[in-house]
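A short write-up of the structure that comes next.
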Amino acid sequence: MERGLPTSPLVVDRGAAEPVHVQIASWLRAGIARGELGPGHRLPGERDLAERLGVSRMTLRQALSELESSGDLVRVAGRAGGAFVAEPRVEVDLTHLTGLTDQLRRAGRRAGARVLVARRLVPPPDVATALGLEGRAQAVEVVRVRSANKLPVALETSWFPARLVPGLLDQPLSGSIYAVLRKRYGHEPVSAVERLTPVLASVELASQLDVVVGAPLLRVERVARDAAGTVVEFARDVFRSDRVDFVVQRSPDEPVTLRALTDPD
């Protein structure tokens, strides 16, 4: 096979039960898995690739659409566009309470954070209830777009009881906030209850996460406590479902229960 495609040639079997476009998708996916097509690799143009494989452009487009839906490819419109091999999905382990910064670094990704909002305020009633605040007690709200290798993967919105984190707004917020909570305030989150909810991208979310309006996303709502059992964070994080996989490690003597809420916003 020509340079730029999987080394093992594809032999299309039109008599097989598996449709031709599925055979093409499987062949390309295998090449990605073997490392023959790395992240950012651009496939030949549709016309050229269809001719090489001896299939119609319609069939090829079906295969590329399947790979795009599964997150293996990213298709970009325009003269400089095309079909590109996507970055590997990021695994977020929900078994242990670890900040996203540390999880991305352990996965070999460059963790980034762009701060959109950082302010002290009286939070909405639902947030105040989650934080255990009464009356006009204030919270610190931090909203950030999180990235892996400069690609957006999540929009984080976190609230912290202001009385526990005096001066938080003067601290660096582009790195691990959990590290700041641990080192400066002694309120490291050590346990949490997290709820996962599928949602669709609004116009605002689509702009912040660089997805199309209506794209499937996953919201993780979290109440985190420190070692003393004090609530130190309430968060609503929205992840790109095409770039993140959630993992839970289980054992017979340590059951883990995930409650998936299926009523999207």
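No value in this document is a laboratory result; all are computed from the given coordinates. What you see is a predicted model, and the numbers here were worked out from it, not measured in a lab. As a convention, Cβ positions derive from the backbone with ideal geometry for all residues, glycine included, and neighbour counts pool all protein chains shown.
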Computed helical MRE - 222 nm, the chain, DSSP H runs ≥ 4 contributing -39500 (n - 2.57), nearest 500 = -6500 deg cm²/dmol
note = Pseudo-spin-label distance residue 227 to residue 192, built 7 Å along Cα→Cβ, given in nm, is 1.9
remark   = In nanometres, the difference between 0.36 nm per residue of separation and the alpha-carbon distance of residue 183 and residue 118 is 21.4 nm
message = Given R₀ = 25 Å, what would the calculated FRET efficiency be for residue 150 paired with residue 77, taking r from the Cβ atoms and rounding to 0.05?
response = 0.75
remark   = Rounded to one decimal in Å, the inverse mean reciprocal Cα-Cα distance for the chain, i.e. its Kirkwood radius, is 20.9
request  = Compute the acute angle (0 to 90°) between the alpha-carbon long axis of helix 57-69 and the principal axis of greatest extent of the alpha-carbon atoms of the chain; round to the nearest 10°.
outcome  = 20
inquiry  = Averaging over every viewing direction, what projected area does the convex hull of the Cα atoms of the range 12-108 cover, in nm²?
reply    = 8.3
remark   = Computed from the beta carbon distance with a Förster radius of 25 Å, FRET efficiency for residue 91 and residue 134 to the nearest 0.05 stands at 0.05
query = residue 204 versus residue 12, label points 7 Å from Cα toward the beta carbon: distance in nm?
reply = 4.7
task = Provide the gained length on full extension for the span residue 22 to residue 171, in nm with one decimal, where the gain is 0.36 nm per separating residue minus the Cα-Cα distance.
result = 48.5 nm
message = From Cα pairs below 8 angstrom and at least 6 apart in sequence, can you work out the relative contact order of the chain, rounded to a whole percent?
response = 16
key: Relative contact order, percent, the range 61-190 [alpha-carbon distance under 8 Å, six or more residues apart]   = 19
query = Within the chain, what is the longest stretch that has no trypsin sites (Lys or Arg not before Pro) placed in a DSSP loop and near at most 12 other beta-carbon atoms within 10 Å?
reply = 151-249
task = Using +1 at the Cβ of each Lys and Arg and -1 at the Cβ of each Asp and Glu in the range 90-247, identify which of 173, 232, 201 lies farthest towards the dipole's positive end.
result = 173
query = If you place +1 on the Cβ of every Lys and Arg and -1 on the Cβ of every Asp and Glu, how big does the dipole about the Cα centre of the range 20-85 come out, in debye to the nearest 20?
reply = 140
ask   = Roughly speaking, what is the centre-to-centre gap between the range 85-118 and the range 178-220 when only Cα atoms are used, to the nearest Å?
value = 11
